[in-house]
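J.: Please read through the structure below; I'll follow up with questions.
The values are calculated or read from the model by the stated rules, or taken from the named source; none is laboratory data. The model shown is predicted, which means the values in this text are computed figures rather than measured ones. As a convention, Cβ positions derive from the backbone with ideal geometry for all residues, glycine included, and neighbour counts pool all protein chains shown. These accessible areas exclude ligands, DNA and RNA; they are computed on the full protein's heavy atoms, side chains included. Shrake-Rupley method; radii C 1.70, N 1.55, O 1.52, S 1.80 Å.
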Amino acid sequence: MSTEMVYLQPAPVRIWHWLNAFGIITLCISGAQIRFPEYVTVLGSYRSAIMLHNTAGIVVALSFSLWFIYYKLVANSLADIYIPKGSELTTGLFRQAVFYFFAYFFGVPNPHHATPERKFNPLQKSAYLAVMFVLMPFVSLSGILLMNMGPMREIVLLIGGLKILVAVHFLLTCSLVAFLCTHVYLATLGKTPLAYLKPMWTGWEKVEHHGTEQTD
């Protein structure tokens, strides 16, 4: 077995990651108080929760835009990093699922070895593809409509009215929270519980190579 230090997360990506993380946590807490004001009161008044939720929503939407601009126009690697290729869909997904749900608990090494060009394994790519290109845009769009009910009243009515819009926004948010919980859990499955977290602070990750490697 050999190890090497790989510069995996450039500074713009790390800044975006933590800005996005704190923004989404703020959205979850403020959103919980808006949805269940009789049970959640950590932010004081209902009005304060709405104002914080709207502000955090704008920050996360802008953060998402910066993420897209960086990977698409600056790094020019959006498709390579986030869109699964043919072999990843046919064999890589199954192999990675077996690792997470079975092999990991018997000490089998991860079949995926991260590089700057191949940061994510097939399961991660598939999940991020759904989250970043479907879930996040629709959560943001529904949130923007809720923030601008007056000028966008016709659009809200077109999609079924306020109750439908609120229900869609809430269900999308629940899906995002479920993804975040899974994301945090999988981030602890490195050599140590913090092994996958450190690169998001320093940019560098220690990658182990166990003899003959497989490609996704």
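J.: I'm checking my understanding of the structure. Among residues of the range 176-216 that are touching a Pro at 6+ places or on another chain (Cβ under 7 Å) and at pLDDT 80 or above, which one is surrounded by the fewest Cβ atoms within 10 Å (Cβ to Cβ)?
T.: Once the filter is applied, the top-ranked residue is Gly203.
J.: Among the residues of the range 105-122, are any among the hydrophobic types (A, V, I, L, M, F, W, C), modelled with pLDDT under 90 and surrounded by 14 or more Cβ atoms within 10 Å (Cβ to Cβ)?
T.: Yes, that holds for at least one residue.
J.: Here are Tyr7, Tyr39: which of them is surrounded by fewer than 17 Cβ atoms within 10 Å (Cβ to Cβ) and at pLDDT 90 or above?
T.: Residue meeting the stated conditions: Tyr39.
J.: Could you please let me know if Trp18 is within 17 Å of the chain's Cα centre (by Cα) and modelled with pLDDT of 90 or more?
T.: Considered against the rule, which asks whether it is within 17 Å of the chain's Cα centre (by Cα) and modelled with pLDDT of 90 or more, Trp18 comes out as yes.
J.: From (1) more than 28 Å from Pro10 (Cβ to Cβ); (2) not in a loop (DSSP other than H, G, I, E, B), pick out the condition that doesn't hold for Val108.
T.: That leaves (2) as the condition not met.
J.: For the range 19-30, indicate whether the set of residues that are aliphatic (A, V, I, L, M), surrounded by 15 or more Cβ atoms within 10 Å (Cβ to Cβ) and more than 30 Å from Ala114 (Cα to Cα) is non-empty.
T.: There is at least one residue in the range 19-30 that is aliphatic (A, V, I, L, M), surrounded by 15 or more Cβ atoms within 10 Å (Cβ to Cβ) and more than 30 Å from Ala114 (Cα to Cα).
J.: Taking the stated definitions as given, is Met136 closer than 30 Å to Arg35 by Cβ, assigned to a loop (DSSP other than H, G, I, E, B) and hydrophobic (A, V, I, L, M, F, W, C)?
T.: no
J.: Give the residues of the range 42-97 that are open to solvent by 70 Å² or more (accessible area, probe 1.4 Å), outside any helix (DSSP H, G or I) and farther than 13 Å from Lys125 by Cβ, sorted by residue number.
T.: Hits for the range 42-97 are Val42, Asn76.
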